[in-house]
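Accompanying notes for the structure given below.
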Amino acid sequence: MTKMMVRAKAKDLADSAFPPAKKAVYARGLASLFVLELGPLLAGLLFAGRVGGAFAGDVATMQTTRQNDLLKTLGVDGRRWSLLPPLPSSRTTRSRRSPPAAPRSRSSRSRTAKTSRT
């Protein structure tokens, strides 16, 4: 009888202790999901907006200084002239993770600190 009572008491304690722990684990998992998944997505969107704004600024500058009219006079398509050159460079440069920098030894730190003081 006491064995059953101990099991029942242990089950009650476990049921009351684990739900807060489950909530904490779930919250941490959700936070890491936002940081790991949505962070790069939002950074990419901001970067795309910045690049698009730069292209729009270039085209607006060309329009203001009447360079587009000059290109039409020369028989050159203005879109090809302003938008095609960045395409090959955008395809060749891709994101590469650089290896982490090696930690410097203490002796090199002390040497640079001494030489910078003199």
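The values are calculated or read from the model by the stated rules, or taken from the named source; none is laboratory data. Please read all numbers here as calculations on a predicted model, not as lab measurements. The protein model used for the area step is the full one, side chains on, heavy atoms only, and it has no ligands, DNA or RNA in it. Shrake-Rupley method; radii C 1.70, N 1.55, O 1.52, S 1.80 Å.
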If F47, F55, F34 are ordered by their accessible area, calculated over protein heavy atoms with a 1.4 Å probe, which sequence runs from highest to lowest? F47, F34, F55
Gap separating the Cα centres of the range 17-71 and the range 75-91, nearest whole Å: 24 Å
